[in-house]
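Novice: Below: one structure in structure tokens.
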Amino acid sequence: MRIGMIGTGTVGATIATKLVELAHEVKMGARAAANEKAAAWVEAAGAGASAGTFADAASFGELVFNCTAGVHSLDALAAAGEENLAGKILVDVANPLDFSRGMPPALSVCNTDSLGEQIQRAHPDARVVKALNTMNAAVMTNPVGGVVFVCGDDADAKGEVTQLLGMFGWPPERVVDLGGIDAARGTEMYLPLWLSLWGALGSPDFNIAIVGRP
Ligand SMILES: NC(=O)c1ccc[n+]([C@@H]2O[C@H](COP(=O)([O-])OP(=O)(O)OC[C@H]3O[C@@H](n4cnc5c(N)ncnc54)[C@H](OP(=O)(O)O)[C@@H]3O)[C@@H](O)[C@H]2O)c1
């Protein structure tokens, strides 16, 4: 499958590397066509990897990932182009973390709204599925146990993302469907606790496990 990776950070590179290993073709997009991180990733990932702008990546992908800094995701996806996202599954991994007042970051949207919902409203023809945002990048494609959440308004899109997650090492019984895209509020609002756990545990490579699950 051709996949567009919107984002050149650790998350984008981690997921894009796994996708290329799985024999998908991946185009990584940045604000500028010439981006050092994207070029380094293409060099390292080899055949099947390419780079361009956010719009190049979105138009290339049959399925698209949003792995941009959450406070800038709406701008990044606007640059990717509504027409390039229409009808496509858009896997939103971003968290709306606002670092402008230092650590710990605040959530730029929460409680009665979420970044996932903002993205779905801004791109009504895209099939937004929020996933993987509750764990560190390394855990996304190398699970340490526990569960991964998905939510979104399009059941078929969630089904396809669940299949893709299976290839990342998440069997269907460890994928928890939380319902519509409004459930992104909860997964995004977990981030302050995730950050505290990182401090308490001294490592970011942990995950949520559900006990007592029927
Ligand atoms: N790091 C993790 O382990 C982790 C885990 C779970 C979720 N997340 C979430 O995943 C997302 C990606 O995280 P990350 O650490 O890989 O990278 P990041 O540093 O948060 O984001 C990098 C991407 O954001 C884009 N960006 C930055 N400023 C922008 C602006 N003003 N306008 C448009 N785009 C802009 C960059 O564009 P250029 O390529 O042009 O520089 C780059 O592609 C974030 O939302 C983060 O909260 C991260």
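A short reminder: the numbers here are calculations on the coordinates, not readings from a lab. Quantities reported herein were computed from a predicted structural model and do not represent experimental measurements. Every residue, glycine among them, receives a Cβ derived from its backbone with ideal geometry; neighbour counts consider all protein chains shown.
Novice: Work out, step by step, the length gained on full extension between Glu82 and Ala39: first 0.36 nm times the residue separation, then minus their alpha carbon distance; give nm to one decimal.
Specialist: Details: separation 43, 0.36 × 43 = 15.48 nm, distance 2.52 nm.
Taking Glu82 through Ala39 to full extension adds about 13.0 nm, to one decimal.
Novice: Using the Cα centre of segment 1-69 as the reference point, and only Cβ charges (+1 on K/R, -1 on D/E), how large is the resulting charge dipole? Debye, rounded to the nearest 20. Walk me through the numbers before you get to the answer.
Specialist: Working: 5 positive and 6 negative charges, 26 e Å.
In total the dipole reaches around 120 debye.
Novice: Specify the angular offset, from 0 to 90 degrees and rounded to the nearest 10, of the alpha carbon long axis of helix 155-168 from the longest principal axis of the alpha carbons in the chain.
Specialist: With rounding to tens, the tilt is 90 degrees.
Novice: Same structure again: Rank Ala69, Ala184, Ala47 by mean-square fluctuation in a GNM of the chain with C-alpha springs under 10 angstrom and give only the top-ranked residue.
Specialist: Ala47
Novice: How much length would be gained if the chain were fully extended between Ala122 and Ala209, taking 0.36 nm per residue of separation minus their Cα-Cα distance, in nm to one decimal? Working shown, then result.
Specialist: Values: separation 87, 0.36 × 87 = 31.32 nm, distance 3.24 nm.
Roughly 28.1 nm would be gained on extension.
Novice: Report the FRET efficiency, 1/(1 + (r/R0)^6), for Leu201 and Ala155, where r is their Cβ-Cβ distance and R0 is 22 Å, rounded to 0.05.
Specialist: Values: r = 35 Å, r/R0 = 1.59.
With R0 = 22 Å, the Cβ-Cβ based efficiency is 0.05.
Novice: Ok, one more. Starting from 0.36 nm per residue, how many nanometres of slack lie between Asp113 and Arg101 once their C-alpha separation is accounted for?
Specialist: Details: separation 12, 0.36 × 12 = 4.32 nm, distance 2.13 nm.
The span from Asp113 to Arg101 would gain 2.2 nm if fully extended.
Novice: Cut-off is 10 Å between beta-carbons; in what order do Cys67, Cys110 appear when sorted fewest neighbours first? Mind showing how you got there, number by number?
Specialist: Working: Cys67 28, Cys110 16.
Fewest to most other Cβ atoms nearby, the residues stand as Cys110, Cys67.
Novice: While we're looking at this one, here's another question. With a 10 Å radius around each residue's Cβ, average the other Cβ atoms per peptide and rank 124-130, 143-149, highest first. Can you show the working numbers first?
Specialist: Values: 124-130: 23.1, 143-149: 17.0.
By packing density, highest mean first, the sequence is 124-130, 143-149.
Novice: Give the cross-link partners of Lys18 among the lysines, using a straight C-alpha distance below 16 Å as the criterion and excluding same-chain residues fewer than 8 apart.
Specialist: Lys27
Novice: Could you list which residues have their amide H under 5 Å from that of Ala51, counting only those 5 or more apart in sequence or on another chain, with H placed in the peptide plane?
Specialist: Met28
Novice: What 222 nm value per residue comes from the helices of the chain, counting each DSSP H run with n ≥ 4 as -39,500 (n - 2.57) and dividing by all residues, nearest 500 deg cm²/dmol?
Specialist: Theoretical 222 nm ellipticity from helices: -11000 deg cm²/dmol.
Novice: Taking H placed 1.01 Å from N in the peptide plane, check which residues at least 5 places from Val129 or on another chain put their amide H under 5 Å from its amide H.
Specialist: Close amide H contacts, sequence-distant or interchain: Leu90, Val91, Asp92.
Novice: While we're on this one: Relative to the first principal axis of the alpha-carbon coordinates of the chain, what is the inclination of helix 191-201, with its axis defined by its Cα atoms, in degrees from 0 to 90 and to the nearest 10?
Specialist: Taking Cα atoms only, the helix is inclined about 70 degrees.
Novice: Check cross-link reach from Lys130 to the aspartates and glutamates: straight Cα distance under 14 Å, and skip same-chain residues fewer than eight apart.
Specialist: By straight Cα distance, Lys130 reaches Asp92, Asp113, Glu117, Asp153, Asp154, Asp156, Glu160, Asp177, Asp182, Glu188.
Novice: Quickly rank 190-203, 89-102 as a protection proxy: mean count of other C-beta atoms within 10 Å, highest first.
Specialist: On the way: 190-203: 12.8, 89-102: 20.3.
For the peptides 190-203, 89-102, the packing ranking is 89-102, 190-203.
Novice: Compute the orientation-averaged projected area for segment 91-214 from the convex hull of its Cα atoms and round it to one decimal in nm².
Specialist: Values: hull surface 32.4 nm².
That works out to 8.1 nm², a quarter of the Cα hull's surface.
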